[in-house]
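Undergrad: Sharing a structure below in structure tokens format, with a few things to ask.
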Amino acid sequence: MHFSNKIPMNIRITHIDIYTEQEIIRDGSLLLSDGVIASVCRTSEETADATRVINGTGLSVVPGYIDAHCHGGGGYDCNQGTEEALVKMRTFYGRHGVTTLYPTLAADLLPALEQGLQAVRSVMRKNKAGETEIAGCHLEGPFLNKVYKGSQAEDAILPMTDDHLRFYETYSDVIRRTTIAPEVGHNLDYFPALRAMNIQLSVGHSCAEYNEVLAAIEAGATSVTHLYNAMSQTKKTGPFRIGGVVEAALTQDALYAEIICDGYHLPNELIQIAYRCKGADRLSVCSDASRAAGVVTHGDTIHSCGETYVVENGVVMNSTRTSLASSITPVDKMVRHLIFNVGLPAIDVVRMTSGTTAKMMGIFDRKGSIAVGKDADINIVDAQFNVVKTFCKGVPVGGE
């Protein structure tokens, strides 16, 4: 398949299988016009004119992937606090089919977080067609539980105060999601105010008991961060058992469950349990990738937020090798793992990497599915779900 650097206003892709929310349209036709999807139908039914026609025989088109939890990639990460790092991240993930990205800040001192948020704000203002859209920031901490800090910097973790609420207000145009442990201090008291800022609230790095998660839901929480990882689960108190965040995530329909599917963080059976409990409409696949993604696979170290991490056997760990730190696997590779190794239906996996995340983040009105009127963010993939070409708002990423 050949793409010109001169991008026409209207592109029609014919004889291609189209993954919509409801079905796979075989031998379909897709018209991209002025940055949006203008037509979705069978090739035999297409009547609209196009400046250019691309034959997609043997290929499929899926919605562009949306990653709501990604620290870095290509040698750069969000905590560096520079526009350059974010642009490098955007370029790297554009090559892996991610059309919408939420760069994620790990727990750090507030001045460092402010620097990172200012950089995200600046890059957001420069979004353009043909590039992965930076849609806002995911603030993962610092209002976490140190017991389940994972590889977050312990010295940066603290309970939330009124001063921190003002911090959120200052950056409410940038912070679109935040991970908080509701059981710590007065964190839960701030949930309604944060939700009023249109910030998606996620329970994570948390020791909360089941009833405390229910209280968080009542206060505005709508997801959990990296299901199974860095969160409480069933514990025994005397002769009785009490559920934790894991059990609440699996049983409460009000919660989306974000999940890392790199083949290292979780065994296949735990992914299958989550899929059976939540279904594709409530499971959101994220990379939780570090700056090592695409750069290192084994035997190197990386540094972030004053901490040192090692990369071994396809995953990042803390220096003592007692906790996983992040993945080095972009979402497109997770798609292949879920389909070909875990054995989930392809149409559901596609939804878990696009539509479900779009709904979780409140952007499904314009992204996350192949439907008329939505942003023309799509991936053309082969039979093995390798990304052949990505379009962001109707313009091929990387041009040629």
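Undergrad: On full extension of the chain, what length is gained from residue 251 through residue 146, given 0.36 nm per residue of separation minus the C-alpha to C-alpha distance?
TA: In short, 35.3 nm is gained.
Undergrad: Counting C-alpha atoms alone, how compact is the range 310-358: give Rg to one decimal and Dmax as a whole number, in angstrom.
TA: 13.6, 39
Undergrad: Can you give me the pair-distance distribution of the range 1-114, C-alpha pairs, 10 Å bins, whole percents?
TA: 13, 32, 25, 19, 9, 1
Undergrad: Dipole of the chain (Lys/Arg Cβ +1, Asp/Glu Cβ -1, origin at the Cα centre): which of 347, 202, 311 lies farthest to the positive side?
TA: Towards the positive end, the residue furthest out is 347.
Undergrad: Tell me, what are the semi-axes, in whole angstrom and largest first, of the equivalent ellipsoid of the chain as set by the roots of 5 times the Cα gyration tensor eigenvalues?
TA: 35, 22, 20
Undergrad: Something else: Among the listed pairs 126/149; 146/359; 126/374; 278/389, which are separated by more than 27 Å between their Cα atoms?
TA: The pairs that break the limit, which is 27 Å between Cα atoms, are 126/149; 146/359; 278/389.
Undergrad: Using the Cα atoms of the range 195-263, I'd like the radius of gyration and the largest Cα-Cα distance, Dmax, both in angstrom.
TA: Just the Cα atoms of the range 195-263 yield Rg and Dmax of 12.3, 43 Å.
Undergrad: While we're here: Quick one: 100, 225, fewest Cβ neighbours within 10 Å first, how do they rank?
TA: 100, 225
Undergrad: Oh, and also: Is there a quick way to get the dipole size of the chain? I mean about its Cα centre, with the Cβ of Lys and Arg at +1 and of Asp and Glu at -1; what is the value in debye to the nearest 20?
TA: Dipole size: approximately 520 debye.
Undergrad: How far, in nm, would the chain grow between residue 170 and residue 57 when pulled straight, counting 0.36 nm per residue and subtracting the alpha carbon separation?
TA: Working it through step by step, the gained length comes to 35.7 nm.
Undergrad: A further question on this structure: With N set to the residue count of the range 186-341, report its C-alpha Rg divided by 2.2 N^0.38 Å to two decimal places.
TA: 1.11
Undergrad: Further question: Stretched out fully, how many nm does the piece from residue 386 to residue 110 gain, at 0.36 nm a residue minus the Cα gap?
TA: 95.4 nm
Undergrad: For 101, 165, what ranking results if the residue with the fewest other Cβ atoms within 10 Å of its Cβ goes first?
TA: Lowest to highest Cβ neighbour count: 165, 101.
Undergrad: To make sure I understand, if each residue's beta carbon is the centre and we count other beta carbons within 10 Å, what order do 67, 377, 365 fall in, fewest to most?
TA: Placing the least packed residue first, the sequence is 365, 67, 377.
Undergrad: As a check on your grasp of the helix formula, calculate [θ] at 222 nm for the chain: sum -39500 (n - 2.57) over DSSP H runs of n ≥ 4, divide by the residue count, round to the nearest 500.
TA: -6500 deg cm²/dmol
Undergrad: Given a Förster distance of 41 Å, report the FRET efficiency between residue 23 and residue 312 from their Cβ-Cβ distance, rounded to the nearest 0.05.
TA: According to the calculation, E is roughly 0.45.
Undergrad: Taking the Cα centre as origin and putting +1 on Lys and Arg beta-carbons and -1 on Asp and Glu beta-carbons, what dipole magnitude results for the range 275-368, to the nearest 20 debye?
TA: My answer is approximately 360 debye.
Every read-out reported here was derived from the displayed coordinates using simple, explicitly stated rules and does not represent laboratory data. What you see is a predicted model; the values in this text were computed from it and never measured. Cβ atoms come from the backbone with ideal geometry, glycine included; neighbour counts cover every protein chain shown.
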